[in-house]
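Structure record follows, encoded as structure tokens.
The values are calculated or read from the model by the stated rules, or taken from the named source; none is laboratory data. Values in this document were obtained by computation on a predicted structure and should not be read as measured data. Note: ideal-geometry Cβ built from the backbone for every residue, glycine included; neighbour counts use all protein chains shown. Only protein heavy atoms, including side chains, enter the accessible area calculation; ligands, DNA and RNA are left aside. Shrake-Rupley method; radii C 1.70, N 1.55, O 1.52, S 1.80 Å.
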Amino acid sequence: MKAMMLKAANTPFVLETVPDPTPGPGEAVARVLACGAGLTIHHTRAGRAPVSYPRIIGHEITGEIVATGQGVTELKAGDPVTAYFYLTCGHCHWCRINRETLCENFRGYVGREVDGGYAEYMKLPAKSFLKLPPELEWRAHPAEVGVICDAIATPVKVIRRARVTPQDTVAVFGAGGGLGVHMVKVARWARARKVIGVDVMASKFETCVKAGADATVDASDGKVAEQLLELTGGKGVDVAIDFVCADGTQEAALKSLGRGGRYVMLAGHGQPFTADPGQFLRKEIELLGSRYATRQEVLDSLDLVARGELWPLVTEKVPLAQAEAIHQRLDKGLITGRAALMIG
Ligand SMILES: [Zn+2]
């Protein structure tokens with residue numbers, strides 16, 4: 001099969017022909033139709049996430065099962081699938097209570113610890129493939145369907161984690177980014193009273209508004225909290241969702257929160273910050289971390305898209321051979337929403 005290989009940290013992809021994967025016991029192999037390209041996996045391409053080389057990255061796939069190994073009963077050839085990003089055990093306390101992103105036996109990520117979707121075929125533990133609902137038009141829209149498992153599922157989890165209701169005003173920090181713009185979409189879907197997109201790249205604001213933002217705040221002047229307070233009549237926002245967690249966003253987010261405010265942090269490479277404990281007490285502020293989504297949240301997200309409730313934003317679709325060019329654009333923050341590689 002053809003595969004885009006990473007051979008060393010922060011070096012360009014190399015297109016190679018490698019042996020097709022064959023499934024061992026408990027494993028399955030899918031033919032990959034499309035694979036999303038976002039900032040999370042660009043960290044691996046850029047050498048910021050350690051992996052053993054050579055490695056094939058990518059996890060936001062639309063695929064079709066072509067072979068299953070011994071003991072696999074839940075999948076068969078022809079099943080359309082996507083992938084669950086985390087390699088979890090499925091039987092620890094946290095996996096059992098549907099909080100598997102806290103798995104005690106966490107083995108890492110698809111496309112980091114095991115090969116991922118930048119290839120014509122992809123082998124995973126069978127339980128890492130999730131079957132697509134029959135109503136989802138995966139053949140017609142493999143790029144959009146592929147990115148649901150992260151770009152939609154991660155925001156869907158945030159809505160639940162922060163208990164966003166139709167009474168809430170939501171500010172999204174980093175709203176112009178690939179996940180941020182989907183967070184805006186999902187907050188709009190959740191009927192938030194007001195959705196405000198915050199970003200330093202004003203060029204992304206039109207996309208934020210199209211995604212459902214009622215207002216945008218240019219963070220480049222450093223007066224984000226003041227602008228958010230003004231937009232909320234001095235009350236402050238109910239939920240601040242931060243995909244940046246650096247350069248003062250944490251302080252600004254906390255300052256912008258009103259009574260009962262919830263602050264959700266999602267950036268794994270963020271910086272330390274200082275906060276006033278009195279503010280936490282007076283306003284009963286909640287500080288929440290949120291990482292990825294559970295299998296059920298991925299399945300719920302697939303279902304929401306199948307029902308026409310949400311639709312992912314994929315603005316660039318290129319052949320597998322152009323992966324490096326797409327990652328160069330990701331590196332410069334030039335991709336709007338998500339990009340995807342069209343493979344099968
Ligand atoms: Zn577990």
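Quick notes
- With every protein chain in place, the chain: carbon and sulfur % of accessible area (1.4 Å): 52
- Computed packing ranks the peptides 179-192, 246-259 as 179-192, 246-259, most packed first, by mean other Cβ atoms within 10 Å.
- Distances between placed amide hydrogens fall under 5 Å for Leu15 paired with Met5, all partners being 5 or more residues away or on another chain.
- Averaging the sequence gap over all C-alpha pairs within less than 8 Å and six or more residues apart, then dividing by the number of residues, gives the range 228-344 a relative contact order of 18 percent.
- Note on Thr73: accessible area is roughly 130 Å² with a 1.4 Å probe, heavy atoms of protein only.
- Annotation for the range 47-64 versus the range 67-93: alpha-carbon center distance of 17 Å.
- Of the residues Thr40, Leu229, Gly176, the one whose Cα sits farthest towards the positive end of the charge dipole of the chain is Leu229 (charges of +1 on Lys and Arg Cβ, -1 on Asp and Glu Cβ, taken about the Cα centre).
- For the range 1-90, the list of trypsin sites (Lys or Arg not before Pro) that fall in a loop by DSSP and count at most 13 other C-beta atoms within 10 angstrom reads Lys7, Arg48, Lys76.
- Heavy-atom surface of the chain, accessible at 1.4 Å and reported per residue (Å²): 42
- Antiparallel bridge percentage (DSSP; both residues within the chain; nearest 5): 50
- Summarising the label geometry, the points placed 7 Å from Cα in the beta-carbon direction at Glu104 and Gln271 lie 3.7 nm from one another.
- Efficiency of FRET from Cβ geometry, Phe280 and Arg139, R₀ 45 Å, rounded to 0.05: 0.35
- For the range 220-253 versus the range 107-135, the spacing of their alpha-carbon centroids is 37 Å.
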